[in-house]
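Here the structure is laid out as structure tokens; the discussion comes afterwards.
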Amino acid sequence: MSLGVRTRGFLQLTRPGNAIAAGVLTFTGAIVAGGIPDDGLVVVAAILATIFATGAGNAVNDYFDREIDRINRPDRPIPSGAVSAAEAKWFSITLFGGAVVSALVLPLVAIAIAVVNLVALLAYTEFFKGLPGVGNVVVAALTGSTFLFGGAAVGEPLGAAVLSVLAALATLTREIVKDVEDIAGDREEGLRTLPIVIGERRSLVFGSVVLVAAVVASAVPYLDGEFGLAYLGLVIPADAVMVVASVRSFDDPGLAQRRLKHGMFLAAAAFIVGRVVSLTGGSV
């Protein structure tokens, strides 16, 4: 195995796109909660902690899912042979260490959120992932808390609460759709995911109902006067992308879950624009 293949294998363990995206969400939480302080060190530290923790969580998830991935994702680093299971485990531990070190300069509330998330992440990979709906809820809560973590880094842990709720609900829908996509491998491994227990169609209907709640939540900042038309002009297309994706999930779960992610990022951009306009005294 060449050094280049092994290096790519370790990088792929972290899901670099997802890890960087999680860091962007933390930055978004800081912006939405009240802007970047003059000393941006805490925001940088929060972003690094998020990237390290997300990469570590992805790596340890691959470690625990290595048998399932031989069916669902044979191209992933462990089943493909690029990285051994033991190497993935120790790599994840190293990344968790990086997350801990990065978080040491943050306010106590942010550190508390990070500790709770770390415990939840480890519990998810070991205990919750195969329980009907429970694993989905844990992942959704972790995603939503990323925005709270960014807010806590700048001293406003609840400043991005609405965005956190929207992201958690949309993520719950996406996780259910992903379980439908992965049902073959999950069933082979003996997991009891929601689609396996109650059926694929019922699961997708439930996910669609949850997404409707997320769309309703997205209207709150405009209705209470916090954000103006600039926010509304972006969040409506974001909602439309996610609603269409939810409908498509009944025919193509793989495409739908990717479209849901795109809609979530567009919604996050709407919150950033809304906050920036409000901070600059804009009327839109």
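On the given criteria, is residue 198 of a type in the set (Val, Ile, Thr) and surrounded by 15 or more Cβ atoms within 10 Å (Cβ to Cβ)?
Working: of a type in the set (Val, Ile, Thr): yes; surrounded by 15 or more Cβ atoms within 10 Å (Cβ to Cβ): no.
Judged against the criteria, residue 198 is not a match.
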Odd one out for residue 158, checked against (1) outside any helix (DSSP H, G or I); (2) within 13 Å of the chain's Cα centre (by Cα): (2)
Subset of the range 60-94 [touching a helix residue (DSSP H, G or I) at 6+ places or on another chain (Cβ under 6 Å) and of a type in the set (S, T, N, Q)]: 61, 72, 92
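Pick out the one residue from 162, 137, 205 that is on the phi < 0 side of the Ramachandran plot and at pLDDT 95 or above.
On the way: 162 fails: at pLDDT 95 or above; 137 fails: at pLDDT 95 or above.
The conditions single out 205.
Out of 240, 230, 214, 219, report the one residue that is small (Gly, Ala, Ser), out of contact with any strand residue (DSSP E or B) (no Cβ under 7 Å at 6 or more places or on another chain), at pLDDT 95 or above and not assigned by TED's automatic domain parsing to the domain that holds residue 139. First the steps, then the outcome.
Working: 230 fails: at pLDDT 95 or above; 214 fails: at pLDDT 95 or above; 219 fails: at pLDDT 95 or above.
Every option except 240 fails the conditions.
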Close pairs (6 angstrom Cβ cut-off, 6 or more residues apart or separate chains): closer than 10 Å to residue 68 by Cβ in the range 176-195, modelled with pLDDT under 85 and outside any helix (DSSP H, G or I) anywhere: 191/130
Test: residue in the range 23-36 that is under 23 Å from residue 272 (Cα atoms), in contact with a Leu (Cβ under 9 Å, 6 or more places away or on another chain) and modelled with pLDDT under 85: yes
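The values are calculated or read from the model by the stated rules, or taken from the named source; none is laboratory data. Only a predicted model underlies this, so the values are computations on that prediction, with no experimental measurement involved. We place every Cβ from the backbone using ideal geometry, glycine too, and count neighbours over all the protein chains shown.
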